[in-house]
Amino acid sequence: MRNCVHLVTYADRFGGNRLEDLERLLAGPLKGIFEGVHILPFFYPVDGADAGFDPIDHLTVDPRIGTWDNIQALSSRLEITADLIVNHISSQSRPFQDFLKNGSQSPYSGMFLTFGSVFAHGATEEDLLRIYRPRPGLPFTTITSANGQKFILWTTFTSQQIDLNVRHPQGEAYWKSILQRFQEHGIKTIRLDAAGYAIKKAGTSCFMIPETFDFIDELTNYAKSLGLEVLVEIHAYYRQQIAIARRVDRVYDFALPPLILHALFNKTARYLKQWLAISPRNAVTVLDTHDGIGVIDIGAAANDPEAPGLIPPDDLAALVETIHEKSAGQSRQATGTAASNLDLYQVNCTYYDALGRQDSDYLIARAIQFFAPGIPQIYYVGLLAGTNDMKLLEETKVGRDINRHFYSWDEVQDALAKPVVQDLLKLIRFRNDHPAFQGTFSLLESADQVLAIRWDNAEAWAQLTVDFAESALDICYVEAGVEKRLDFSTERSGSSQSGASGSNLPYFYGP
């Protein structure tokens, strides 16, 4: 992946409902801002049970939003990242519908993972309780085929998402065919979705077991043979994340978003600095995504009480409650048992609302993200400092839809004019253009309430200093041998879209 800020967006929610609209936006108002874009599932259909993450046909662009020609056109100008949904396929897909009709006589029967294929000799209560779950209940759905055969299928996420047997020749041919299609149309990076659940083995957690690593290695090697890079998406205990990073091209830094919130809420950089000292350097950094704000990534290990998290348990509980307070209770309505399609490890809220719509704090958070080790991605709602979409949440009753707003072209133009968004665009340009970020990262010594990060590349350098006690941000850098600082309108206004007065962002220099 290019070392620059990448955009993450749906094809049909950012300036229109077609890939052509996205291309027009990136070639127009956002020209020169992004060199890479992760287009969230654009396969048929984009509006399934899980907003495209349950493909009926993973090889086809949903004709309602465009064609492979549109993807090819975008890839000629930008580095494209696309999702490989490796764990499951839609229950409405042609292979599964054939299996539903013909049972074990279906030519696709080997694609789908059954209870018996994992637990050939049955499972004890202990076996079932050992399975790691992202959602409540057991990961099984019972079906009866048209010829009367009954099957217990693995369905990790929902009963509409049927788990694939990726080790079976049919399952392997399936995911390889998708990678080949991506390569043919200019896609450069694969986001490996839900890879941690792809391999199931009796007597284990069925999540990130050694056999999972082996599979990821195999898939990555095949992707590399096609000239593709692999980004692995896994929410896990932080030591697992560090271990995963050693074996893949890139991994998400999902610990960063909640640690930045903790630092801003508690006026201390202590835990954030501890993480930045050990975080994977081959990371992709995010603050917000199409999913919620992860909290499991900084918590204690689920299966080992002796393995503490990155922050104390009481701090983690307080962090979640503070997000609820800052969002005026809106995140509570979209999280956990309050909404369907729930995940146990996420708080559903826009990052801007999680910060109480404080422009100055939001800019601090983005500056930390851009200076942290790794390649930054910015979600389309976050780019526009978007607020919680309570209307969409009410319509769908899906918690994560609170942060999946459908922006019209005019809404995008209005949002781009906001001072906080103009400041963010300035920060993106700085991160993209300054040569220091092609060099070496260092975490400078500082007091607990201060974070000081520096990048050096020969004579070029850039330094971020944040005083959390004062909500103060400073970015110094050298240009043509002259030391300068990056100024923002937010520093002058401290504005907040919520109507309340935001905290001013004082100038200060040095750690």
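Numerical summary
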{"item": "Span from the segment 348-413 Cα centroid across to the segment 19-52 one, whole angstrom", "result": "16 Å"}
{"item": "D_trans [Stokes-Einstein, Kirkwood Rh over alpha-carbon pairs] for segment 169-291, 10 °C, 1.306 mPa s, µm² s⁻¹", "result": "100 µm²/s"}
{"item": "Too-long pairs where the Cα-Cα distance tops 31 Å, listed order kept, from LYS31/LYS273; LYS201/LYS391; LYS176/LYS201; LYS150/LYS188; LYS326/LYS426", "result": "LYS31/LYS273; LYS201/LYS391; LYS150/LYS188"}
{"item": "Principal semi-axes in Å for segment 94-162 [√(5λ), Cα gyration tensor, largest first]", "result": "23, 14, 9"}
{"item": "Least to most buried among TRP154, TRP68 (fewest other Cβ within 10 Å first)", "result": "TRP68, TRP154"}
{"item": "D_trans [Stokes-Einstein, Kirkwood Rh over alpha-carbon pairs] for the chain, 4 °C, 1.567 mPa s, µm² s⁻¹", "result": "55 µm²/s"}
{"item": "Alpha carbon centroid spacing (whole Å) that separates segment 177-238 from segment 126-150", "result": "23 Å"}
{"item": "Tilt relative to the chain, helix 313-326 - C-alpha long axis, 0 to 90 degrees, to 10", "result": "80 degrees"}
{"item": "For segment 57-111 versus segment 275-296, the gap between their alpha-carbon centres in whole angstrom", "result": "28 Å"}
{"item": "Kirkwood Rh and Cα Rg combined as Rg over Rh, evaluated for segment 15-90", "result": "0.98"}
{"item": "Calculated from backbone phi, Karplus (6.51, -1.76, 1.60) coupling profile of segment 286-299 in Hz, x at Gly/Pro", "result": "9, 10, 9, 9, 5, 9, x, 7, x, 10, 4, 5, 10, x"}
{"item": "Positive-end residue of TYR252, SER106, GLY227, charge dipole of the chain with Cβ unit charges", "result": "SER106"}
{"item": "Long-range amide H partners of TYR379 with built H, under 5 Å", "result": "VAL8, LEU287, ASP288"}
{"item": "Gained length - SER177 relative to GLN149, 0.36 nm times residue gap less alpha-carbon distance", "result": "7.1 nm"}
{"item": "Cα-centre dipole for the chain with unit charges at Cβ (Lys and Arg positive, Asp and Glu negative), debye to 20", "result": "560 debye"}
{"item": "Pairwise FRET efficiency - ASP217 versus GLN413, Cβ, R0 = 41 Å, nearest 0.05", "result": "0.35"}
{"item": "Estimated vicinal HN-Hα couplings, Hz - segment 390-397 in sequence order (Karplus 6.51, -1.76, 1.60; Gly, Pro = x)", "result": "6, 5, 5, 4, 5, 6, 9, 6"}
{"item": "FRET efficiency for ALA277 and MET390, using Cβ-Cβ distance with R0 set to 41 Å, rounded to 0.05", "result": "0.60"}
{"item": "Restricting segment 226-313 to GluC sites (Glu not before Pro) in coil, as DSSP defines it, with at most 10 other Cβ within 10 Å", "result": "GLU306"}
{"item": "Computed FRET value (nearest 0.05) for SER104 with LYS397, which takes r as the C-beta separation and R₀ as 45 Å", "result": "0.80"}
{"item": "Semi-axes of the equivalent ellipsoid for segment 339-482, Cα gyration tensor, largest first, Å", "result": "32, 18, 14"}
{"item": "Cα-centre dipole for segment 84-215 with unit charges at Cβ (Lys and Arg positive, Asp and Glu negative), debye to 20", "result": "280 debye"}
{"item": "Computed Kirkwood radius, in angstrom, where 1/r is averaged over Cα pairs of segment 1-56", "result": "12.0 Å"}
{"item": "Highest to lowest packing among 71-78, 269-276, scored as the average C-beta count within 10 Å", "result": "269-276, 71-78"}
{"item": "In sequence order, calculated HN-Hα J values of segment 262-273 (Karplus, 6.51, -1.76, 1.60; Hz; x Gly/Pro)", "result": "4, 4, 5, 5, 10, 6, 9, 9, 3, 6, 4, 5"}
{"item": "Taking the C-alpha atoms of segment 440-493, convex hull volume expressed per residue in Å³", "result": "81 Å³"}
{"item": "Acute angle (nearest 10 degrees) that the helix 359-371 long axis makes with the longest principal axis of the chain, alpha-carbon atoms", "result": "70 degrees"}
{"item": "Relative contact order of segment 94-162, pairs being alpha-carbon contacts under 8 Å that are 6 or more residues apart, as %", "result": "33 percent"}
{"item": "Two-decimal log10 I(q)/I(0) for segment 251-322, as the Debye equation yields it once each C-alpha is a single scatterer, q = 0.14, 0.18, 0.24 Å⁻¹", "result": "-0.41, -0.70, -1.22"}
{"item": "Angle between the chain longest axis and helix 419-433 axis [Cα atoms, degrees, rounded to 10]", "result": "80 degrees"}
{"item": "Two-decimal Rg/Rh across segment 105-260, once Rg and the Kirkwood Rh are taken from alpha-carbon atoms", "result": "0.99"}
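All of the numbers you see were taken from the coordinates with simple rules; none came from a lab. None of the values given here were measured: they were computed from a predicted structure. Cβ sites come from the backbone with ideal geometry, for glycine too, and all protein chains shown count toward neighbours.
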